[in-house]
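The values are calculated or read from the model by the stated rules, or taken from the named source; none is laboratory data. Given the structure is predicted, the values throughout are model-derived calculations rather than measurements. Here the Cβ positions follow ideal geometry from the backbone for every residue, glycine too, while neighbour counts run over all protein chains shown. Quick note on the areas: whole protein, heavy atoms, side chains included, nothing else; ligands and nucleic acids left out. Shrake-Rupley method; radii C 1.70, N 1.55, O 1.52, S 1.80 Å.
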Amino acid sequence: MSCPGWDPLSNCLPHRRFTMSERKIKYVPQEIEPKWQKRWVDSGLYSTVEDPSKEKYYFLTMLPYTSGDLHIGHWYAMAPSDTAARYRRMKGYNVFFPIGFDAFGLPAENAAIKRGIHPHTWTMDNVANMRRQLKTMGAMWAWDREAVTCLPEYYKWTQWFFLKFYEHGLAYKQEAPVDFCPQCNTTLAREQVWGDDRHCERCGTPVVKKDLNQWFFRITNYADELLDFSKIDWPERVRVMQTNWIRRSEGADVVFKTEQGDDMLIFTTRPDTLWGATFMVLAPEHPLVDKLTTPEQRAQVDEYVAQARRQSDIEREATDKEKTGVFIGAYAVNPVNGRRIPIWIADYVLMSYGTGAIMAVPAHDERDFQFALKFGLPILPVIKRTDGLSKSLVFPGSVKDLSAVEGKLGELGITWERKPVGALGDGLFVTLHGEAQTDAYIALLQAQILPGNWNEVVGTRFAFVFDDGAREFDSLEAGEAILARCKAIWPPVRDNRTLMEMLYHLEFYRDALFHADYGDMINSGAFTGTPGESAKRQVTAWLKQQGVGDLAVRYRLHDWLISRQRYWGAPIPMIYCDHCGIVPVPYEDLPVLLPEDAEFLPTGESPLVYHEGFLNTTCPKCGGPAKRETDTMDTFMCSSWYHYAYVSPYYQGDVPFDPEKGRYWLPVDQYTGGIEHATMHLMYTRFFTKAMRDIGLVDFDEPMKRLFNQGMILGEDSEKMSKSRGNVVNPDDLVATLGADATRAYLMFIGPWDEGGPWNSLGIEGISRFLNRVWEVVTGPIPEPKGQATDKDVAALRRITHQTIRRVTDDIEHFQFNTMLAALMEYNNYIVKAKNTPVAHTPAWDEAVRSLVLLVAPTCPHIAEELWEFIGGGYSVHQQPWPAWSEELAKEEAITLIVQINGKVRDRLTVPAGLPDDELKKLALESEGAKRYTEGLTVVNAIVAGGRLVNIVAR
RNA sequence: GCCGAAGUGGCGGAACCGGCAGACGCGCUCGCCUCAAAAGUGAGUGGAGGUUGCUCCAUGUGGGUUCGACUCCCACCUUCGGCACCA
């Protein structure tokens, strides 16, 4: 073998003898890391160039908030991203890996109040410190495109977006009950209220409801499009969370007329149950409540409304709570059958969803069912069960011959149980399936029933068998008649207000009385018999034709509330004029600057409210005196478009970013960040992009093509890191002691990136050892050869080299950094041993060392650069092409053939790779282990799997 | 309650599409080196038994499918995350 051209895939260099004098003795990360970081900056290695000749790759990691100190969590999010970005670059892409700072937000303001530091000063000091800390990571960030969101040059464009959205009807102001955080003293978007105690996403304080006039973005205009993930490759988890958050419901809007003549609009997902609507329920806050309440009910209604107001949302929304409500004295008319039905108010109906009013169909809605039972409201099944189930309890003493009934049941194939009913004696608990059984059973009851008794069948059929015949419960009137008769027969049931209430007292019947299936329509006038699959569609069409309803789609998603009653944010660029009303600030007047001389007092109120200079302005329309909007924007607005800003930060043109550069870089190819933003930032930024598209700023639909969510790094105690717990790991200390490369690599080695996991201070020592061994094997002297290297040894070394290139490549592609490092460690262990053999004097050794350094480069950029220079690779290792592998060279020449007898490993044979299956079968059957374990048995079968395992089946 | 993810040695975790369970690392044990220690380095390390180049048991629990199951199916338990009277 001769070196140049000996193999096109080899990364071979002229063979080089190392001498002790040029040998670097020790790996000292503290020396090499700053050295190379400086060199990278000085040589402009990571300056951004829009190079049309290269394929671009926009790799983005969620921007950090300017908290002041870089946390190991930042490293956990950023170091693996950098590794993947560096890998892409070596693969030949023009990689854009920008960084910036999310710089507006309440902590800055709190610092101002507490310590008298201006938020701007506090923030920019933090930015400076974080920038310094970030630079120790040795990442390939495009610092030349950094953006800080609190600078006027940036927030001018955030305000510009507000104006554009306003112009396009996507921003509006409305008085509404909104969530307010008493700790942060500001309103929050619905997405920023978390957990079952409804706490503020930032500070954890439970929120309260307030009626305020606030600015909203019409994110709901895009609800359907936001539910479409077909154009992006995002994790299932995020897609599910966003889908659940938006929650689309398809149904119908139906108008019910009140007896007073008012229109009462309700939304229902079950228009097919309209004939079963036996009462209406309004949210206590519903605007019609006051108007409709009759004088007799007034006191009770007022009391209930007041009490509902007093209650917190958590109390109100507790699902296990007993239903409460009050009849308001008024009636509505069911448009499908003209039936007069009472109107109630109850707090289980929420003003914030649908129309704040519902038709109650107690037979097919769990909540309505509970409510009807409690208040004695009528219940009529109008949808047939789909499971065909019916039940019947043959009461003790109600039939002529219980044993004869049992015998007949057995003949009919009906299941029953004979059990005592209280102290009354034995009864039969009968469960029926299907029409035929039910009919036969009713006939049997009819024949057996004693005078002065009745029995009933409930479920798919509701039939009451009296001594003079059976009566079906197929209308409310029939129900009343049946109940009256039952009361006459057996006085103990006289307290029941409805037939269902009577039946509900029997535990055995409960699961048969109510269901929410889509079944065939029953008891529904002309629609009776409409099949379940088409019932909803047919009824909706008919409603539309009748002019009393129409198809409707509702979302759980609310419009995005963006007003914040804080100073440290981008001021909403709006002006209030007594003459002209709400007037937008003209584009040429942007940015609306935050006044620097604001006073920060612990009043809880925004200093802007009292700042005369800021507050007073002139109306852009009429020139008269006017007031500015004092609310600022949700900081999620800043981060909704930052990846556009990075393309040309603080752009001076007439749009927010350079269209030319945008065309080259956008959209983001790969985004990484925490899952906690699933229904906030990640939803808002999708909305922004769609709105930007409709405004004509971009020509694509989604901001980020691929997304990966990393997990969370925990303290050594497996708890969330926090100062109070004292389990915080400081990256600065790690850089100082073990180096950035070891810290980066350890974070990637902990486990799967998307799972996160606890920090382990001994674990990182292992990585440090690994790096020392890499250093040693590359820089240490090669022992004198003891003989000639054999072709076999050379092939073995090249095999593992090429296998490792393949493994590492595949792992980085899939963000499996932990197994990537395991592969590198195995590889390093191998070549450390090989170094003492004659192969260390062959070109294959050079290939191995070069490959090792190149494969380590994305993960540990500094040590790789130093070692690359040492082996004469030239500057820079990060500009080298990623090593390629040869399948041919990576192929195993021998494999371990596993011999199993009945699924248990009984022998292992070393055989040449690629033998045909029957050959493998033969070898396996002849093996020592096979013979021993099949003795006395007959070999029934032998299965060859994957060319490396034979399972012999012997009986 | 509903939806989703996950349960593998002392620990973090490997195991491609159903085919050698425990890669790699930490820790631990015993060597070497050293006056000694640290560092480094060699060997071992799932459990139980044993006649010590042997057997059995093991991937949360219990069933099932299969020649063969950490992997697929059913039920259950536990943990974590999201949603929660959404009409």
Name every residue in the stretch A:328-344 that is open to solvent by 10 Å² or more (accessible area, probe 1.4 Å) and in a loop (DSSP other than H, G, I, E, B), in order of residue number. A:Pro335, A:Val336, A:Asn337, A:Gly338, A:Arg339
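Among the residues of the stretch A:495-529, which ones are more than 39 Å from the chain's Cα centre (by Cα) and not in a helix (DSSP H, G or I)? Full working, then the answer.
Going through the stretch A:495-529, the residues more than 39 Å from the chain's Cα centre (by Cα) turn out to be A:495-509, A:522-529.
Listed by number, the residues that qualify are A:Asp495, A:Asn496, A:Arg497, A:Thr498, A:His505, A:Leu506, A:Ile522, A:Asn523, A:Ser524, A:Thr528, A:Gly529.
May I ask you to say which residue of A:Val729, A:Val735 is under 34 Å from the mean Cα position of the chain (by Cα), more than 15 Å from RNA strand B (Cβ to nearest atom), more than 20 Å from A:Leu852 (Cα to Cα) and of a type in the set (Val, Ile, Thr)?
Numbers: A:Val729 fails: more than 15 Å from RNA strand B (Cβ to nearest atom).
After ruling out the rest, the residue left standing is A:Val735.
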Hits in the stretch A:236-264 - residues which are touching a strand residue (DSSP E or B) at 6+ places or on another chain (Cβ under 6 Å) and surrounded by fewer than 19 Cβ atoms within 10 Å (Cβ to Cβ): A:Arg248, A:Ser249, A:Glu250, A:Val255, A:Lys257, A:Thr258, A:Glu259, A:Asp263
Taking the stretch A:912-943 and keeping residues in contact with an Asp or Glu (Cβ under 9 Å, 6 or more places away or on another chain) and crowded, with 17+ Cβ neighbours inside 10 Å leaves A:Ala924, A:Ser927, A:Gly929, A:Ala930, A:Tyr933
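Working only within the stretch A:100-115, note down all residues that are part of a strand (DSSP E or B) and either in contact with a Gly (Cβ under 8 Å, 6 or more places away or on another chain) or crowded, with 23+ Cβ neighbours inside 10 Å (or both). It would help to see each step written out before you state the result.
If we filter the stretch A:100-115 for residues that are part of a strand (DSSP E or B), which is where we start, we get A:100-102.
Matches in the stretch A:100-115: A:Gly100, A:Phe101.
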If you take the residues in the stretch A:760-776 that are touching a helix residue (DSSP H, G or I) at 6+ places or on another chain (Cβ under 9 Å) and of a type in the set (A, V, I, L, M), which one is nearest to RNA strand B (Cβ to nearest atom)? A:Ile767
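Conditions tested, residue by residue: (1) of a type in the set (D, E, K, R); (2) in contact with a Lys or Arg (Cβ under 9 Å, 6 or more places away or on another chain); (3) crowded, with 21+ Cβ neighbours inside 10 Å.
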residue: A:Arg132; (1), (2), (3): yes, no, no
residue: A:Thr136; (1), (2), (3): no, no, no
residue: A:Glu146; (1), (2), (3): yes, yes, no
residue: A:Phe161; (1), (2), (3): no, no, yes
Filtering the stretch A:341-360 down to residues that are within 7 Å of RNA strand B (Cβ to nearest atom) and of a type in the set (Val, Ile, Thr), which residue is farthest from the chain's Cα centre (by Cα)? A:Ile358
Assuming A:Tyr166 fulfils every condition listed in (1) modelled with pLDDT of 95 or more; (2) open to solvent by less than 50 Å² (accessible area, probe 1.4 Å); (3) more than 23 Å from A:Met62 (Cβ to Cβ) apart from one, which condition is it? (2)
Can you name the number of the only condition in (1) surrounded by fewer than 21 Cβ atoms within 10 Å (Cβ to Cβ); (2) free of Cβ contacts under 8 Å to residues at least 60 places away in the same chain that A:Thr779 fails? (2)
Taking only pairs six or more apart or across chains, which ones have beta-carbon atoms under 7 Å, a first residue in the stretch A:807-820 that is touching a residue at least 12 places away in the same chain (Cβ under 8 Å), and a second residue that is more than 10 Å from RNA strand B (Cβ to nearest atom) and not in a helix (DSSP H, G or I)? A:Ile812/A:Pro858; A:Phe815/A:Phe708
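Does A:Cys622 satisfy the criteria of being exposed (fewer than 14 other Cβ atoms within 10 Å of the Cβ) and either touching a Leu at 6+ places or on another chain (Cβ under 7 Å) or within 29 Å of A:Leu170 (Cβ to Cβ) (or both)? Before you say what the answer is, go through the steps one by one.
Working: exposed (fewer than 14 other Cβ atoms within 10 Å of the Cβ): yes; either touching a Leu at 6+ places or on another chain (Cβ under 7 Å) or within 29 Å of A:Leu170 (Cβ to Cβ) (or both): yes.
It is true that A:Cys622 is exposed (fewer than 14 other Cβ atoms within 10 Å of the Cβ) and either touching a Leu at 6+ places or on another chain (Cβ under 7 Å) or within 29 Å of A:Leu170 (Cβ to Cβ) (or both).
Kindly indicate which of A:Arg537, A:Arg556 is of a type in the set (Lys, Arg), over 28 Å from A:Glu175 (Cβ atoms) and surrounded by fewer than 20 Cβ atoms within 10 Å (Cβ to Cβ). It would help to see each step written out before you state the result.
On the way: A:Arg556 fails: over 28 Å from A:Glu175 (Cβ atoms).
Among A:Arg537, A:Arg556, only A:Arg537 is of a type in the set (Lys, Arg), over 28 Å from A:Glu175 (Cβ atoms) and surrounded by fewer than 20 Cβ atoms within 10 Å (Cβ to Cβ).
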Can you spot a residue in the stretch A:86-93 that is more than 23 Å from A:Tyr58 (Cα to Cα), open to solvent by less than 20 Å² (accessible area, probe 1.4 Å), of a type in the set (D, E, K, R) and in a helix (DSSP H, G or I)? no
Among residues of the stretch A:649-671, those that are open to solvent by 10 Å² or more (accessible area, probe 1.4 Å) and either in a helix (DSSP H, G or I) or under 15 Å from A:Leu151 (Cα atoms) (or both), counted: 9
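Quick check on this structure: which one of A:Thr48, A:Thr83 is out of contact with any His (no Cβ under 7 Å at 6 or more places or on another chain), outside any helix (DSSP H, G or I) and of a type in the set (S, T, N, Q)? Break it down stepwise before answering.
Numbers: A:Thr83 fails: outside any helix (DSSP H, G or I).
One residue alone meets the criteria, A:Thr48.
Scanning the stretch A:944-955 for residues that are loosely packed, with under 13 Cβ neighbours inside 10 Å and near RNA strand B (Cβ under 8 Å from one of its atoms), which turns out modelled with the highest pLDDT?
Of the residues in the stretch A:944-955, the ones loosely packed, with under 13 Cβ neighbours inside 10 Å are A:945-946, A:955.
Keeping just the survivors that are near RNA strand B (Cβ under 8 Å from one of its atoms) gives A:945-946.
Numbers: A:Ala945: 86, A:Gly946: 82.
Here the residue is A:Ala945.
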Please determine whether any residue of the stretch A:291-305 is surrounded by fewer than 18 Cβ atoms within 10 Å (Cβ to Cβ), touching a residue at least 40 places away in the same chain (Cβ under 8 Å) and more than 9 Å from RNA strand B (Cβ to nearest atom). no
Give me the pairs: first residue in the stretch A:926-949 and part of a helix (DSSP H, G or I), second residue open to solvent by 40 Å² or more (accessible area, probe 1.4 Å) and modelled with pLDDT of 85 or more, beta-carbon distance under 7 Å, and six or more apart or on different chains, which are they? A:Gly929/A:Arg906; A:Ala930/A:Arg906; A:Tyr933/A:Arg906
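Residues are listed down the side, and each one gets a yes or a no for (1) among the aromatic types (Phe, Trp, Tyr); (2) touching a Lys or Arg at 6+ places or on another chain (Cβ under 6 Å); (3) open to solvent by 50 Å² or more (accessible area, probe 1.4 Å); (4) outside the structural domain of A:Ala85 (by TED's automatic domain parsing):
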{"position": "A:Gln710", "(1), (2), (3), (4)": "no, no, no, no"}
{"position": "A:Ala740", "(1), (2), (3), (4)": "no, no, no, yes"}
{"position": "A:Tyr746", "(1), (2), (3), (4)": "yes, no, no, yes"}
{"position": "A:Trp759", "(1), (2), (3), (4)": "yes, no, no, yes"}
{"position": "A:Leu762", "(1), (2), (3), (4)": "no, no, yes, yes"}
{"position": "A:Ile767", "(1), (2), (3), (4)": "no, no, no, yes"}
{"position": "A:Val774", "(1), (2), (3), (4)": "no, no, no, yes"}
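Test A:Leu594 against the criterion of being in a helix (DSSP H, G or I) and either open to solvent by 20 Å² or more (accessible area, probe 1.4 Å) or not aromatic (Phe, Trp, Tyr) (or both), and give yes or no.
Numbers: in a helix (DSSP H, G or I): no; either open to solvent by 20 Å² or more (accessible area, probe 1.4 Å) or not aromatic (Phe, Trp, Tyr) (or both): yes.
Spelling it out, it is not the case that A:Leu594 is in a helix (DSSP H, G or I) and either open to solvent by 20 Å² or more (accessible area, probe 1.4 Å) or not aromatic (Phe, Trp, Tyr) (or both).
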Of (1) within 16 Å of RNA strand B (Cβ to nearest atom); (2) touching a Leu at 6+ places or on another chain (Cβ under 8 Å), A:His681 satisfies every one except (2)
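Kindly evaluate A:Phe815 against the criterion of being touching a strand residue (DSSP E or B) at 6+ places or on another chain (Cβ under 9 Å) and under 25 Å from A:Met90 (Cβ atoms). Steps first, please.
Numbers: touching a strand residue (DSSP E or B) at 6+ places or on another chain (Cβ under 9 Å): yes; under 25 Å from A:Met90 (Cβ atoms): yes.
Considered against the rule, which asks whether it is touching a strand residue (DSSP E or B) at 6+ places or on another chain (Cβ under 9 Å) and under 25 Å from A:Met90 (Cβ atoms), A:Phe815 comes out as yes.
Could we say that A:Tyr518 is among the hydroxyl-bearing types (Ser, Thr, Tyr), at pLDDT 90 or above and open to solvent by 80 Å² or more (accessible area, probe 1.4 Å) here? Before you say what the answer is, go through the steps one by one.
Values: among the hydroxyl-bearing types (Ser, Thr, Tyr): yes; at pLDDT 90 or above: yes; open to solvent by 80 Å² or more (accessible area, probe 1.4 Å): yes.
Yes.
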